[in-house]
Amino acid sequence: MALNKQDILSVQDCKVVEVNVPEWGGSVFVKVMSGKQRDAWEASVVSRKDKDGKINTAGLRSMLVATCVCDESGNEIFTAEDIPEIENKNASVLQRIFDEAAKLNGLTGESAEAIKADFTKGQV
């Protein structure tokens, strides 16, 4: 069945999963990014190059956590202003949440390299 505009725009396709965080006394919800959020996250990744053209990964884990952690309905609970505080949380907890967010959003090692390659093509 071919979908029309209304079919596509009306479907709720933001998957949300629960991640257990006993260190924080409960769990958090993690969601699939929207296209707009993914574009913004990818742009932030490639804009963080040092003088040698290498991407500075400082804060990227916390940026993805801030983007993907949500309430049960998929509504964001963090903003960019919260990232410095998120960076100070338990690294193993952040890694667990990051891993789930990366898995949900198809951010594998190969996709990260593809992002880097796509955004750096033709750039000096």
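Side notes on the structure shown:
- Tallying residues that are surrounded by 17 or more Cβ atoms within 10 Å (Cβ to Cβ) and basic (Lys, Arg) within the range 38-74 yields 1.
- Residue list for the range 79-94, restricted to those being surrounded by 11 or more Cβ atoms within 10 Å (Cβ to Cβ) and not in a helix (DSSP H, G or I): LYS89, ASN90
- The range 57-78 - residue that is part of a loop (DSSP other than H, G, I, E, B) and touching a helix residue (DSSP H, G or I) at 6+ places or on another chain (Cβ under 7 Å) and, of those, nearest to GLY25 (Cα to Cα): PHE78
- Qualifying residue in the range 46-55 (condition: in a helix (DSSP H, G or I), more than 20 Å from GLU18 (Cβ to Cβ) and modelled with pLDDT under 95): yes
- Count of the range 6-26 residues which are in a loop (DSSP other than H, G, I, E, B) and either basic (Lys, Arg) or within 21 Å of the chain's Cα centre (by Cα) (or both): 4
The values are calculated or read from the model by the stated rules, or taken from the named source; none is laboratory data. In this text the structure is predicted, and so the values were computed from the model without any measurement. Cβ atoms come from the backbone with ideal geometry, glycine included; neighbour counts cover every protein chain shown.
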